[in-house]
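Working notes, beginning with the structure itself.
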Amino acid sequence: MAETHVLFVEDDDVIREATQLALERDGFAVTAVPDGLTGLASFRADRPDIALLDVMVPGLDGVSLCRRIRDESTVPVIMLSARADSIDVVLGLEAGADDYVTKPFDGAVLVARIRAVLRRFGHASGGRSGGGEAEPAAEGGVLVFGDLEVDTEGMEVRKGGEQVALTPTEMRLLLEFSSAPGTVLSRDKLLERVWDYGWGGDTRVVDVHVQRLRTKIGQDRIETVRGFGYKLRA
């Protein structure tokens with residue numbers, strides 16, 4: 001099996017070299033670069049399997065780099081931020097990142113997050129991760145909610161007959177909602193099912209992804225149930 005190729009963009013020499021060594025010991029092939037412009041060039045040249053982007057890097061900051069990558073690809077992106085409560089975290093997620101890790105981080109935690117993201121991206125073409133049966137299924141595994149069609153076999157979404165481009169994380173999130181329309185799903189449950197968190201996580205990850213999904217399938221399609229979570233309008 002080919003090694004998983006990681007693009008790592010980090011301007012701190014010590015962190016960059018130590019993290020690269022740690023990832024390589026765990027079997028990853030790593031391209032480590034010190035700035036955003038070099039990172040963008042490396043991404044376009046090498047097409048890595050996953051990108052780790054520090055928020056504060058010179059040339060092209062991590063958020064802008066994430067946005068550039070997302071314009072061209074659905075490759076998974078994890079942002080690295082020095083402050084858990086920073087607006088940078090939300091900006092990175094809004095730019096299209098799938099997850100984030102706060103610095104300083106433990107190498108084992110970073111590897112676990114990388115593998116969790118890769119697992120769900122690998123599963124994105126093979127269906128959802130559990131849950132109830134969806135009543136509105138049509139022939140061929142297509143779920144229909146008004147003008148929204150979710151093809152659970154072809155992993156395609158259409159709104160008003162037009163195909164909607166979703167990232168694998170957004171697709172898995174929609175599959176969770178569409179498998180049980182009208183059922184409230186808590187943020188913690190979505191973190192467990194979509195992000196594969198076996199521990200508590202930052203629910204802002206869920207909130208931002210729900211908002212991103214709403215902009216693509218319709219703002220009124222996913223309802224917020226205050227104090228509980230979200231549900232797909234049946």
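The values are calculated or read from the model by the stated rules, or taken from the named source; none is laboratory data. Remember, it's a predicted structure, so these values are computed and weren't measured experimentally. Quick reminder, even Gly has a Cβ in these numbers, built from the backbone with ideal geometry, and neighbours come from all protein chains shown. SASA here: full protein model, heavy atoms, side chains in, ligands and nucleic acids out. Shrake-Rupley method; radii C 1.70, N 1.55, O 1.52, S 1.80 Å.
A few remarks follow.
- Filtered residues of the stretch 161-180 (kept if surrounded by 17 or more Cβ atoms within 10 Å (Cβ to Cβ) and among the charged types (D, E, K, R)): Glu170, Arg172, Glu176
- Of the residues screened, Leu148 is not one that is touching an Asp or Glu at 6+ places or on another chain (Cβ under 9 Å) and surrounded by 14 or more Cβ atoms within 10 Å (Cβ to Cβ).
- Selection count where residues are among the aliphatic types (A, V, I, L, M) and part of a helix (DSSP H, G or I), scope the stretch 141-179: 4
- Within the stretch 181-214, the set of residues being in a loop (DSSP other than H, G, I, E, B) and open to solvent by less than 20 Å² (accessible area, probe 1.4 Å) comprises Trp195, Tyr197.
- Residue count for the stretch 60-90 satisfying the condition of being modelled with pLDDT of 85 or more and farther than 19 Å from Gly39 by Cα: 1.
Yes/no per residue for (1) out of contact with any strand residue (DSSP E or B) (no Cβ under 9 Å at 6 or more places or on another chain); (2) assigned to a helix (DSSP H, G or I); (3) at positive phi:
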{"site": "Val14", "(1), (2), (3)": "yes, yes, no"}
{"site": "Arg67", "(1), (2), (3)": "yes, yes, no"}
{"site": "Thr74", "(1), (2), (3)": "yes, no, no"}
{"site": "Met79", "(1), (2), (3)": "no, no, no"}
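- Some residue of the stretch 187-196 being without any contact (Cβ under 8 Å) to a residue 60 or more places away in the chain and closer than 21 Å to Leu143 by Cα: yes
- Taking the criterion of being under 19 Å from Val208 (Cα atoms), part of a helix (DSSP H, G or I) and either of a type in the set (Val, Ile, Thr) or open to solvent by less than 40 Å² (accessible area, probe 1.4 Å) (or both), the residues of the stretch 92-124 that qualify are Gly92, Leu93, Arg113, Ala116, Val117, Arg120, Phe121.
- Scanning the stretch 45-65 for residues that are of a type in the set (A, V, I, L, M, F, W, C), open to solvent by less than 10 Å² (accessible area, probe 1.4 Å) and part of a helix (DSSP H, G or I) yields a single hit, Leu65.
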